[in-house]
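Right, one structure below, let's go through it.
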Amino acid sequence: MESCIFCKIINGEIPSYKIYEDEHVFVILDMNPVTAGHFLVLPKKHFEMPESTDDEIISKMIIIAKRIAKNIKRILNSDGFNITTNSGEAAGQTISHTHFHVVQRFKNDNLKLWPPNENEKNKIKETYKKIISNI
Ligand code: 5GP
Ligand code: ZN
């Protein structure tokens with residue numbers, strides 16, 4: 001993909017703070033970190049979305065995400081980490097090349113993710129019925 005920023009980073013056309021590379025996976029620090037130790041796990045091959053990424057490749061990505069997250073937790077002495085992925089614009093995906101975010105967390109980082117929504121709570125049963133009759 002000629003216009004893809006992450007493909008350009010992987011090809012070395014755009015510089016990055018690379019922390020790991022193997023045959024299939026490439027890991028860099030995010031240029032706009034949420035906390036210290038925010039890194040991105042990318043497949044070397046271009047896939048647009050998590051759900052269109054080969055099972056074999058995304059499995060390798062999550063194993064590397066876990067290993068490096070654990071290692072960086074030790075190095076930065078963080079208190080935990082989040083591993084997330086954004087699929088689609090509505091979910092916050094800005095770069096159409098699959099990636100996992102790994103964000104190291106600190107007890108005092110004041111980051112609040114996933115605020116619960118009372119309206120959605122009232123719809124659990126309806127949502128469940130819809131899912132279970134179509135899955
Ligand atoms: P998304 O919003 O698609 O889930 O995440 C894209 C991430 O890529 C963002 O956190 C953004 O800061 C990061 N990013 C965008 N462009 C670059 C770049 O050129 N280099 C690096 N290292 N990260 C980038
Ligand atoms: Zn790409």
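Points worth noting:
- Scanning segment 77-108 for residues that are under 21 Å from V25 (Cβ atoms) and touching a residue at least 40 places away in the same chain (Cβ under 8 Å) yields F81, Q93, I95, S96, H97, T98, H99, F100, H101, V102, V103, Q104.
- K70 closer than 23 Å to L113 by Cβ and of a type in the set (K, R): yes
- Among the residues of segment 1-59, those identified as surrounded by 15 or more Cβ atoms within 10 Å (Cβ to Cβ), among the charged types (D, E, K, R) and either more than 16 Å from ligand 2 (Cβ to nearest atom) or within 14 Å of the chain's Cα centre (by Cα) (or both) are D30, E48.
- Residues (among the aliphatic types (A, V, I, L, M) and either touching a Ser or Thr at 6+ places or on another chain (Cβ under 6 Å) or modelled with pLDDT under 95 (or both)) located in segment 45-79: M49
The values are calculated or read from the model by the stated rules, or taken from the named source; none is laboratory data. No experiment lies behind these values; they were computed from the predicted model shown. Positions of Cβ are generated from backbone atoms using ideal geometry, with glycine treated the same way; all protein chains shown enter the neighbour counts.
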